[in-house]
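Some notes on the structure that comes next.
No lab work stands behind these numbers, since they all come straight from the coordinates. Just so it is clear, the model here is predicted, and its values are computed rather than measured. All Cβ positions, glycine included, derive from the backbone under ideal geometry; neighbour counts span all protein chains shown.
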Amino acid sequence: MADVIDAAPAPRAGWRMATGLLVLAVFVEAVFAGAMLSGVEWARRAHMASAGALIAFALASGLVALLALRRVINGRKLALILLALAVVLVAQAVVGVLSAKGANLLWLHVPLGVALVGLAGQAAATARGLGAHA
Ligand code: HEM
C-alpha cells in the first residue's frame, strides 16, 4: 500500500483557493494600514478586524490540512506552513497592538507584514504542488 497519495483535483483546487485568499488578505492588511496612516476613519477598525479573521482562517486551515492532507504528497508541508503562518500572524497582531499603544515597534510590524506576504505565498506555492513529487 502506498504511503502517500495524490490529492484529488477538486480538494487541490480548494487548497489553492484558500491559500490564494490568504495571500490576498495579508496584502489587503497593508492597504488598510496605508489608509489608516492617511487618516481614513474606518481603516483602523478594518485592519484590526481582518487581523482576527486572518489568524482564525490560517489556524483553522492549518489544522484541517494536518488532518485531511496527512497522506497527500506535500500535505504535511502545507499544514506546517499554514500553522507557522498562524503563529507569525499572532506575533504580528501583538506587535501591532503594542505599536498602537505607543510602543516603538512599527520598524518590526511593517517588515513582518512584508514577510507574511512571502510566507502566505509559500503556502500558495505548496498548495499548487499538492500531490506532485518535488
Ligand atoms: C502588511 C503590512 C502591514 C502594515 C504596513 C501594518 C501597519 C500597521 C500600522 C501603521 C498600525 C498602527 C500602529 C499605530 O497606531 O501606531 C498597525 C496596527 C495593527 N496591526 Fe498592522 N500592519 C500590517 C500588517 C498587519 C497584519 C498582517 C496583521 C495581522 C495580524 C496586523 C495587525 C495589526 C493589529 C492587531 C494592530 C493594532 C490595531 C489597533 O489596536 O487599533 N497588521 N499596523
Check: What helices in the chain pass both tests, a Cα length along the helix axis of 18 Å or more and a mean Kyte hydropathy of 1.6 or higher, using whole DSSP H runs?
Finding: 75-100
Check: What residues have an amide H closer than 5 Å to that of residue 72, excluding those fewer than 5 places away on the same chain, when H is modeled at 1.01 Å from N in the peptide plane?
Finding: 5
Next item on the list: Can you tell me how much longer the chain between residue 117 and residue 103 gets when fully stretched, taken as 0.36 nm per residue apart minus their C-alpha distance, in nm with one decimal?
Entry: 2.7 nm
Checklist line | Sparse-neighbourhood loop sites, chymotrypsin sites (Phe, Trp or Tyr not before Pro) in region 10-82 - DSSP loop, at most 15 other Cβ within 10 angstrom | finding: 42
Checklist line | Spin-label model distance (nm) - residue 56 vs residue 110, 7 Å beyond Cα toward Cβ | finding: 3.0
